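These notes concern the structure reproduced below.
The values are calculated or read from the model by the stated rules, or taken from the named source; none is laboratory data. All of these numbers come straight from a predicted model, not from anything done at the bench. Don't worry about glycine lacking a Cβ; one is built from the backbone with ideal geometry, like all the others, and counts go over all protein chains shown.
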């Protein structure tokens, strides 16, 4: 079963622009081969278990410290559904189908 996690790593006290620090968090995921999508407000990843997902979040969190941050806050949302196997793409397809049923959606 896939666990989908959305998280945001927030360096504090590092000025208005923190993209150079956040980039380190994303690079750690890329180097580890983690299936992920980065958005303007956070990163969504998919893992085989909750332990695995949290290990990746911790790697990203630590990478921001290693990049020079003195304080980091990480916010996490976990979607852990165990009755069916699904992925991030499955969730988006389901939403698209619901939107089409309402007469809206991407074509």
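Identify, by number, the condition in (1) in contact with a strand residue (DSSP E or B) (Cβ under 8 Å, 6 or more places away or on another chain); (2) at pLDDT 95 or above that residue 87 doesn't meet.
In the conditions (1) in contact with a strand residue (DSSP E or B) (Cβ under 8 Å, 6 or more places away or on another chain); (2) at pLDDT 95 or above, residue 87 misses (2) alone.
Considering (1) within 13 Å of residue 7 (Cβ to Cβ); (2) surrounded by fewer than 16 Cβ atoms within 10 Å (Cβ to Cβ); (3) without any contact (Cβ under 8 Å) to a residue 60 or more places away in the chain, say which one residue 68 fails and leave the rest.
(1)
When the residues of segment 36-45 are narrowed to those that are touching a strand residue (DSSP E or B) at 6+ places or on another chain (Cβ under 9 Å) and surrounded by fewer than 17 Cβ atoms within 10 Å (Cβ to Cβ), which ends up farthest from residue 88 (Cα to Cα)?
Here the answer is 41.
Return yes or no: is residue 32 modelled with pLDDT of 95 or more and touching a helix residue (DSSP H, G or I) at 6+ places or on another chain (Cβ under 7 Å)?
Against the criterion (modelled with pLDDT of 95 or more and touching a helix residue (DSSP H, G or I) at 6+ places or on another chain (Cβ under 7 Å)), residue 32 qualifies.
Going through segment 1-35 one residue at a time, which ones are in a loop (DSSP other than H, G, I, E, B), surrounded by fewer than 16 Cβ atoms within 10 Å (Cβ to Cβ) and without any contact (Cβ under 8 Å) to a residue 24 or more places away in the chain?
Of everything in segment 1-35, those that are in a loop (DSSP other than H, G, I, E, B), surrounded by fewer than 16 Cβ atoms within 10 Å (Cβ to Cβ) and without any contact (Cβ under 8 Å) to a residue 24 or more places away in the chain turn out to be 15, 16, 17, 33.
For segment 71-107, how many residues are surrounded by 12 or more Cβ atoms within 10 Å (Cβ to Cβ), over 15 Å from the mean Cα position of the chain (by Cα) and not in a helix (DSSP H, G or I)?
4
Determine the pairs where a residue that is closer than 23 Å to residue 36 by Cα, located within segment 85-107, has a partner that is at pLDDT below 90 and loosely packed, with under 10 Cβ neighbours inside 10 Å with Cβ atoms under 9 Å apart, the partner being 6 or more residues away or on another chain.
90/84; 96/106
Name, by its number, the condition in (1) surrounded by 12 or more Cβ atoms within 10 Å (Cβ to Cβ); (2) closer than 21 Å to residue 25 by Cα; (3) in contact with a strand residue (DSSP E or B) (Cβ under 8 Å, 6 or more places away or on another chain) that does not hold for residue 59.
(3)
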